[in-house]
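Visitor: First, the structure itself, so that you have it in front of you.
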Amino acid sequence: MSERKRIGILTSGGDCAGLNAVIRAVTRCAVDVYGWEVLGICKATHGLMSRPPQAMPLYVNNVDRLLTMGGTVLGTTNKGDPFAFPMSNGSLADRSEEIIEGYRQLDLDALIGIGGDGSLAILRKLAQQGGINLVGIPKTIDNDVGITERSIGFDTAVNIATEAIDRLHFTAASHSRVMILEVMGRDAGHIALNAGIAGGADIIMIPELRYKLENICHHIKKRQAMGQDYSIAVVSEAVCTESGELLEQGHFVDCRLGGIGQYLAEQITNLSGAETRVTVLGHTQRGGISSPLDRILASAFGVVAVELVAKEQYDRMVTWQNRQVISVPIAEAIKNYRAVDPKDTLVKTARGLGICFGD
Ligand code: F6P
């Protein structure tokens, strides 16, 4: 048994299913197995910026119901880089020292940060500057954190997208329509690729593979000629128009992707005459009950993160590789962005099933 510690845990970036399961796993392991104290920090680094710092003690009995619950009971934010924090007067301020001071005021021995590559990069920068003993846990429905094969939240998102495709099959067949499902994932097509295969889509469009509308329409017509008068297309939100334009929603300060489903529907109708309808799945992919796989991953990641703190191995992120949880330096983990490799085995699987990428 290592010496008694007081650790903090925070969730940062966009929420996803499985975050609460990590909070539970870390608390159970740290409190029950190691006899430590755990503080849940509210609203990511914003909690450490507040005075007094906003944090709540976590015990086994107040985390036990969290296993299945979506979202994060600690709250989170994907806004406000502390090194260039937007102030009310419109200026940007470096508030990193306030966060480091918040960590010190809570008298923490270590911090477990759950985030995607952007959040982990910020947390690491703070840790380097302020001597924070940081351990990272990867989460994101986009599954694009460099080195880990799986991030928390991805499996649940794929399940939700797959269920949507399952439902679309029936209505598409009843009306002989081309149904287009727009899914999240930012610049990575993992959700579309995985859900498209699992749900039996006919067309999968991902940002990593450039398409031609002509090829998509040819595939739809080929299916019609074979008596399959409906088609299901899954498209990632960051797929561009045929001419290469990235479509964004509204006029927000930050880039919010959206609109490619509608664009494709109009183009397909114009070029092929097929009747089209669009479903934009949006934030439903981040919500709801977490899948068993995400709960397992969250539990395994949480336990190994606490073990790293016990061994005082900091500046490391837990990762899933070849059915093992190991740890790697955070810098190495987030160095490379993990998009879909066009030679990926699942791309080959999809091609082998006759699924059209439009390329
Ligand atoms: O990175 C996760 C993610 O859900 C992306 O797939 C999506 O583009 C984005 O976040 C949405 O962000 P927001 O919650 O700010 O709308």
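Visitor: To the nearest 0.05, how large is the calculated FRET efficiency for Asp107 and Gln249 if R₀ is 56 Å and r is the Cβ-Cβ distance? All intermediate terms of the calculation are to be shown ahead of the outcome.
Guide: Numbers: r = 43 Å, r/R0 = 0.77.
The value I calculate is 0.80.
Visitor: Which of the listed residues, Phe170, Gln128, Gly14, is farthest toward the dipole's positive end in the chain, when Lys, Arg count +1 and Asp, Glu count -1 at the beta-carbon?
Guide: The residue sitting farthest along the positive end of the dipole is Phe170.
Visitor: Find me the longest stretch of the chain that has none of the exposed GluC sites (Glu not before Pro), where exposed means in a DSSP loop (not H, G, I, E or B) with at most 16 other Cβ atoms within 10 Å.
Guide: Here the longest segment lacking exposed loop sites spans 4-148.
Visitor: OK, next. With a cut-off of 8 Å between alpha carbons and a minimum separation of six or more residues, what is the relative contact order of the chain in percent?
Guide: Values: 803 pairs, mean separation 78.9, N = 359.
Across the chain, relative contact order equals 22 percent.
Visitor: Does anything in region 190-210 have its amide N under 15 Å from the 7 Å Cα→Cβ label point of Leu293, and if so which residues?
Guide: 190-200, by backbone N distance to the label point.
Visitor: Could you work out how far helix 292-310 tilts from the main Cα principal axis of the chain, as a 0 to 90 degree angle to the nearest 10?
Guide: Computed tilt is about 30 degrees.
Visitor: For region 4-158, rounded, prolate or oblate, judged on the Cα gyration tensor with a ≥ b ≥ c (square roots of eigenvalues), a/c < 1.5 rounded, else prolate if a/b > b/c?
Guide: On the way: a/c = 1.69, a/b = 1.16, b/c = 1.45.
It is oblate, given that a/c is not under 1.5 and a/b is not larger than b/c.
Visitor: Fully extended, how many nm does the chain gain between Lys79 and Arg65 (0.36 nm per residue separation, minus their Cα-Cα distance)? Intermediate results must be reported in sequence, preceding the final value.
Guide: Details: separation 14, 0.36 × 14 = 5.04 nm, distance 2.84 nm.
The Lys79-Arg65 span can extend by a further 2.2 nm.
Visitor: Taking 8 Å as the Cα distance limit and 6 or more residues as the minimum spacing, I'd like the relative contact order of region 203-359 as a percentage.
Guide: Values: 152 pairs, mean separation 46.4, N = 157.
Value for region 203-359: 30 percent.
Visitor: Still on this structure: Treating the beta-carbon of each Lys and Arg as +1 and of each Asp and Glu as -1, no other charges, what is the dipole magnitude of the chain about its Cα centre, to the nearest 20 debye?
Guide: Working: 35 positive and 40 negative charges, 102 e Å.
That gives a dipole near 500 debye.
Visitor: Heavy-atom accessible area per residue, region 205-359, 1.4 Å probe: how many Å²? Working shown, then result.
Guide: Numbers: 7990 Å² over 155 residues.
Per-residue value: 52 Å².
Visitor: Between Leu353 and Glu214, what is the label-point separation in nm under the 7 Å Cα-to-beta-carbon projection?
Guide: Between Glu214 and Leu353, the simple spin-label model gives 2.8 nm.
Visitor: Any idea what the relative contact order of region 1-59 is, in percent, if you count C-alpha pairs under 8 Å spaced at least 6 apart?
Guide: Values: 74 pairs, mean separation 22.8, N = 59.
Relative contact order here is 39 percent.
Visitor: Further question on the same structure: Tell me which lysines have Cα within less than 17 Å of Lys335's Cα, excluding those fewer than 8 residues away on the same chain?
Guide: The reachable lysines, counting only those whose Cα sits under 17 Å from Lys335, are Lys125, Lys139.
Visitor: Right, another one. What value, in deg cm²/dmol to 500, does the helix sum -39500 (n - 2.57) over DSSP H runs of n ≥ 4 give at 222 nm once divided by the residues of the chain? Walk me through the intermediate numbers first.
Guide: Details: 12 runs with 131 residues, N = 359.
The helix-only estimate for the chain comes to -11000 deg cm²/dmol at 222 nm.
Visitor: Something else: Take the alpha carbon gyration tensor of region 66-132, find the square roots of its eigenvalues, order them as a ≥ b ≥ c, and report rounded if a/c is under 1.5; if not, report prolate when a/b exceeds b/c, else oblate. Working shown, then result.
Guide: Details: a/c = 1.85, a/b = 1.24, b/c = 1.49.
Verdict is oblate for region 66-132.
Visitor: Can you tell me the length gained on complete extension of the stretch Ala225 to Met56, counting 0.36 nm per residue apart and subtracting the Cα distance? Don't skip to the answer; put the middle values down first.
Guide: Numbers: separation 169, 0.36 × 169 = 60.84 nm, distance 6.21 nm.
Working it through step by step, the gained length comes to 54.6 nm.
Visitor: Tell me the carbon and sulfur percent of the accessible area for the chain, rounded to whole percent, probe radius 1.4 Å.
Guide: In the chain, the share of accessible area belonging to carbon and sulfur is 50 percent.
Visitor: Also: Consider just the alpha-carbon atoms of region 161-263 and return their Rg together with their Dmax, both in angstrom.
Guide: 13.8, 47
Visitor: Just for the Cα atoms in the chain, what are the lengths along the principal axes, largest first, rounded to whole Å?
Guide: 71, 46, 33
Visitor: Hey, another quick one. May I ask for the net charge around Val63, where only other residues with Cβ less than 11 Å from the Cβ of Val63 are counted and Lys, Arg are +1 while Asp, Glu are -1?
Guide: Net charge around Val63: +1.
Visitor: Subtract the Cα-Cα distance of Gln262 and Thr241 from 0.36 nm times their separation in residues, and report this length gain in nm to one decimal. Intermediate values should be presented prior to the final figure.
Guide: Details: separation 21, 0.36 × 21 = 7.56 nm, distance 1.07 nm.
Fully extending the segment from Gln262 to Thr241 adds 6.5 nm.
Visitor: I would also like to ask the following. If you take every residue apart from Leu123 with its C-beta less than 13 Å away from the C-beta of Leu123, what net charge results, scoring Lys and Arg +1 and Asp and Glu -1?
Guide: Numbers: positive: Arg124, Lys125, Lys139, Arg316; negative: Asp81, Asp117, Asp315.
Result for the local shell: +1.
Visitor: A further question follows. In nm, to one decimal, how far is the modelled label at Asn89 from the one at Gln128, with both set 7 Å along Cα→Cβ?
Guide: Roughly 3.0 nm, to one decimal.
The values are calculated or read from the model by the stated rules, or taken from the named source; none is laboratory data. All values derive from a computational prediction rather than experimental measurement. FYI the Cβ positions are ideal-geometry reconstructions off the backbone, even for glycines, and counts take in every protein chain you see. Heads up: the accessible areas ignore ligands, DNA and RNA and are worked out on the full protein's heavy atoms, side chains in. Shrake-Rupley method; radii C 1.70, N 1.55, O 1.52, S 1.80 Å.
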